[in-house]
Amino acid sequence: MKIFRQILPILLLDKALFLLTAVAVTGQDTSVLELIYHIPVGRDDAGGSANSGNGSLKESVKVNATHGAGSFPDPILGVQSVCETDHCYELAQQTALSMNASADPCLDFYDYACGNWTRSNPIPDDRTNWSNFAAIDQKVTAQLREVLEREDKNDLSTARQKARKLYKACLDIERMETLGAEPLLAFLKSTVGPFPLFDNQDNSWNATAFDWFATVKRTSKFGSGFFLAFSAGRDSDDPKKNILHFSASNLALGTRKTYFDKSSESVRKAYKEYMRNLTLLFLGNGSVITPAIQEQLDEIYDFDTFLAQVSRSEEDSRNISLSINKMTLEKFHGTSLNTTISLEDLIDYIKIRMPNKTFTDLVTKDLVVNVANPDYFLRVHEKLAEYSRQPSKRRIIANYFGWRMAVGYSYKITQRFRDAADEYTKEISGLQKIQERWKACAGFVNYEMNTAVGSLYIKSFFDEASKPKIAGLVKDLRASFSTILKNADWLTSEPGSIWNNTLAFVKFDSNNNIEKLLKENNRSMDDSLAPADVNAYYSPPNNMIALVAGIFQLPFYDASRPDYLNYASIGAIIGHEITHGFDDRGSQFDGEGLYTNWWSAESRARYTVKSAEMMAKYGNYILPEGRVNGFLTLGENIADNGGVKEAFSAYQLYSKRKGMVEPLLPGFESYTQEQMFFIGYAQVWCGADREKSLRLSLPTQSHSPRRFRVIGPLSGMPQFAEAYQCPAESPMNPSKKVAVW
Ligand SMILES: [Zn+2]
């Protein structure tokens, strides 16, 4: 272990790992291991000379490059050659169809590149938005269906067979109808116990017998963890290790703002309506919402609002220093929990969730844990103490448990329950239609068994030949980011040491598993990746870029199109992930993944000024659905701006090394490769959102709306203004180019 740590900095410099598939192994299925690829990038032989030799286009371009240097005339291709394959004609057509060529690229480049996209791509009835991302996602879902429905008697992988079974069970609506609501009601009885909202029609609910802490213990086994939720995650003082993190329970309406923002009023109204409808279904035929029932529903809602009130705001949640509060269990108990439970209770409660004796032995009063928000626990437990002292108020807690569990599982029973949920979803999102069951099931199985499903997907749809080429691309991106660091004259620290020492911290949404507690974090362990997703990740503590197999297709990547388009799309995405290590949060973690201030005061002060400019720039972007939150989107905006800049210079590196001019697409002969690069970048983001869902998500979104992911970064790049010869002070060429990196 020690050796590994010592050589880590070298690994960081020379071998950023590039992972093509997820590596978490589901169950004991070792055959999944075959599908793990680590590609070291940065070794001389890995990237630059990598030539996948895909297709004749590349070969003819190479010929052309030699001739471009003036040795002898090229009978096929001129200097500004045009790619004349059928494929290139098709690509050219798609590119042109998305564009609004009559728009002025210097006024609004999103309109120029994507202006006609929405016309030919209406939002499907079952989606809240539609974009190139969403289209691939849909395609991957259809591919998943294909592999999940395929019978394969020769496939001996138990994990893959289980995934197929799970998919089948998910689709078995008939059986769900036969069973009715009974399984859920029985489950509620055994976890929550009786609760007044559903079980008090004959006044039999006994308030004095209700023990809220016993209910917390029973429900915590199902991952709910009300009022005392915890999971295993990275230790901020030692990123190789994991500790327990206590954090606020999730809210019924998802985000805190939804409870208070004026713009979410319709959502709150729809949720209250859903509460009534679902309650009627649970109470059965002939039931009505009496004033007594309505009173209880109001109490549940108000209690949830209280929990939202004491939860941290979305803005404060971005502040890492607020969420790092390491303390012993004894201290945690004394600080936040002593109004409700004893220290022994707390220890017992944690032990219940431990998988075996080795783990339970760890749980003593001296166990160090992190408490994300001690004040939240203090206030929630004070409230619980207050309510449990009064029998009339105990029902609020009992009903809260019952309601949240019932609502959480109600989608898994009969059609009538799903209909109620679907009505609510449509109301708040603007959806016209709920997606077909098979799509939901494919998504569900992919989520629950990501590795098994991913291996099925990769076997059938992933093109192995892409790997070396992408590895080369990653290498160029790293090199260009290093140059950006070296040229950042406002940094006072020695540039080499910045790359050397900098890693960031990404908290993945993963099904955190207590067993992590005794495992050392390493590059091959990341259970948050689903290979059959359409996404990319940067895991700075591992210095690892993970590009998920689903992303290796148009418009992100295509081995047989000119590479300026690949650098513009997948290249910018890789650059985006690299830059996250240096965004407002990532830059606060050092080379070992430690949360520490390793910057000079001067550099940090300048970084803060640059960040504030970025915040102000995006905070001024307004759509009819609302204003962009410049603070919550800061990290993603820094990554977007850095990503496209790195991709652009990485392409310059690449074409210089190749000594060639790549061909243009037919019909685009009057464009330069640089201009095409920017069109390629912008077109990744063509898309549209339903008004309701955008209005709902905008106040809490961490990503800027698509149009600003184009306009924002490109208006900050002198290379863009130059490529399109934009007049000074035109909207896409302001004299003040806001940039962090
Ligand atoms: Zn990002």
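The values are calculated or read from the model by the stated rules, or taken from the named source; none is laboratory data. This structure is a prediction, so every number in the text was calculated from the model and none was measured. Please note: Cβ atoms are built from the backbone with ideal geometry, for glycine as well, and neighbour counts cover all protein chains shown. Heavy atoms of the whole protein, side chains included, go into the accessibility calculation; ligands, DNA and RNA do not. Shrake-Rupley method; radii C 1.70, N 1.55, O 1.52, S 1.80 Å.
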Give me the net charge of GLU273's neighbourhood, meaning all other residues with Cβ under 11 Å from the Cβ of GLU273; Lys, Arg count +1, Asp, Glu -1. +2
Stretch ASP361-SER249 to full length: gain in nm at 0.36 nm per residue minus the Cα-Cα span? 37.7 nm
Around LYS326, under 14 Å between beta carbons, what's the net of Lys plus Arg minus Asp minus Glu among the other residues? -2
Cα centroid separation - segment 618-658 against segment 333-389, whole Å: 43 Å
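Go through segment 422-478 and name the trypsin sites (Lys or Arg not before Pro) that are in a DSSP coil and have 15 or fewer other Cβ atoms within 10 Å of their Cβ.
LYS433
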If you average the sequence gap of Cα pairs under 8 Å that are 6 or more apart and divide by the length of segment 181-413, what percent do you get for the contact order? 29 percent
Amide hydrogen neighbours beyond the local backbone of LEU664, cut-off 5 Å, H modeled: SER81, VAL82, CYS83
Over segment 181-413, with every protein chain in place, what whole percent of the accessible area is carbon and sulfur at 1.4 Å, could you tell me? 50 percent
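For every other residue with a beta carbon closer than 13 angstrom to the beta carbon of ASN641, add +1 if it is Lys or Arg and -1 if Asp or Glu, then tell me the sum.
-1
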Return one whole number: the accessible area per residue of segment 588-741 in Å², for a 1.4 Å probe. 37 Å²
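In Å², what does the accessible area per residue of segment 269-308 work out to with a 1.4 Å probe?
I get 45 Å² per residue for this part.
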How about segment 384-444: which GluC sites (Glu not before Pro) there lie in a loop by DSSP and see at most 12 other Cβ atoms within 10 Å? GLU436
Which residues in segment 194-219 place their backbone N less than 15 Å from a point set 7 Å from the Cα of ALA292 along the Cα-to-Cβ direction? 195-207
In Å², rounded to a whole number, the accessible area per residue of segment 108-207 with probe 1.4 Å is 54 Å²
Estimated vicinal HN-Hα couplings, Hz - segment 245-255 in sequence order (Karplus 6.51, -1.76, 1.60; Gly, Pro = x): 10, 9, 9, 4, 6, 6, 9, 4, 8, x, 10
Rounded if a/c is under 1.5, else prolate if a/b beats b/c, else oblate: with a ≥ b ≥ c from the C-alpha gyration tensor eigenvalues square-rooted, which is segment 586-654? oblate
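Quick check: from the Cα gyration tensor, does segment 181-413 come out rounded (a/c under 1.5), prolate or oblate?
Cα axes put segment 181-413 in the prolate bin.
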